[in-house]
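The block underneath contains the structure these notes are about, expressed in structure tokens.
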């Protein structure tokens, strides 16, 4: 989104410790909301309303708003401190069965982008086990307003930046007469490279035999059904804010989704706000079972709850009042839904 820095908009502070904010302008586009703009500029709805003296959440297309322009500096009596820049890349160590295609899909990026980040890779088909490459890093903002961090050691970037699929997302298939990896890939809506990643014992793409058992990916619906069945196991578990991810007798909203998806081969970050930053965003009106849907229940522009979509009207989540339970989207949850993501 285009930002225009307003000349002379840097505000001088008269008091010690008060923030000095670089102001910028943003023109409201179709589909925008104050919440979405706040997320884009890493601020809150209330701050945007204060900057623009807004008395309601109503905005209109073409409206020019003042927005904070990162980085924010904090003026103190001794010095001015600039907020650190979040790294844009992380490192990943190649594992057995990896291809650039499967790595790109795992990090929600493209092979072309991986090649740009790793100019030493000159052949897309030549990477090796143990090789360390650069991958896009997810940008997360630490917050104490939505969840407590689990007291267990935090996973590394390669474990939590994006959903990581494992063989629990696959099933067995017996090779039939006339089959090739190409025709099998087409049948199961996947690629030959992904089949090779699921079957590291296949060393020759042109050689498979009739009667051989290979791994093929589950369909999205099979994966969604498995996730919902996993979640059902925990219905009735009590709610505990900041519940450790190692416990299954109590959950908070994001430890529940963390547990359910991890049992189905997808590793998520710990908090609801971090989980909202992985996968592919989809319109809330287009959610399907297995998607994650996120809520801002306090109206302050901060995501503070996550649920699993069962269908367009039903959620499965860990809520403060019910613990793990099914819930109807209406009338409470639907107006507070702010984002949905698809992980497979």
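Derivation of every value follows stated rules applied to the coordinates shown; laboratory data play no part. Only a predicted model underlies this, so the values are computations on that prediction, with no experimental measurement involved. Note: ideal-geometry Cβ built from the backbone for every residue, glycine included; neighbour counts use all protein chains shown.
Which of 317, 305 comes first, and how do the rest follow, when ranked by fewest Cβ neighbours within 10 Å? With the sparsest Cβ surroundings first, the list reads 305, 317.
As a rough guide to protection, the peptides 253-266, 88-101, 281-294 ranked by mean Cβ packing within 10 Å, highest first, stand as 253-266, 281-294, 88-101. Only Cα pairs under 8 Å and 6+ residues apart enter the sum, and on that basis the relative contact order of the stretch 89-137 stands at 61 percent.
Could you compute the FRET efficiency for residue 332 and residue 29, with r as their C-beta to C-beta distance and R0 at 22 Å, rounded to 0.05? It comes to 0.15.
Among 326, 251, 241, 295, sorting on how many other beta-carbon atoms sit within 10 Å of each Cβ, with the fewest leading, yields 241, 326, 295, 251. Given their separation in residues at 0.36 nm each and the Cα-Cα distance between them, residue 300 and residue 40 gain 92.2 nm when the chain is fully extended.
Per residue, the average separation of C-alpha pairs within less than 8 Å and at least 6 apart gives the stretch 222-342 a relative contact order of 29 percent. Decide, for the stretch 178-301, between rounded, prolate and oblate: order the square roots of the alpha carbon gyration tensor eigenvalues as a ≥ b ≥ c, take rounded if a/c falls under 1.5, and otherwise choose prolate if a/b is larger than b/c, else oblate. Taking the square roots of the gyration eigenvalues as a ≥ b ≥ c, the stretch 178-301 is prolate.
Modelled this way, with points 7 Å down the Cα-to-C-beta line, the labels at residue 112 and residue 312 are 3.5 nm from one another. Taking only the Cα atoms of the stretch 89-137, the radius of gyration and Dmax are 9.4, 23 Å. For the pair residue 171 and residue 221 in one chain, pulling the backbone fully straight at 0.36 nm per residue adds 16.7 nm over the alpha carbon distance. If R0 equals 35 Å, the separation of the Cβ atoms of residue 126 and residue 212 corresponds to a calculated FRET efficiency of about 0.85. Give the distance, in whole Å, between the Cα centre of the stretch 233-261 and the Cα centre of the stretch 299-344. Measuring centre to centre over Cα atoms gives 15 Å.
Sorted ascending by nearby beta carbons within 10 Å, beginning with the fewest, 341, 324, 28, 205 become 205, 28, 341, 324.
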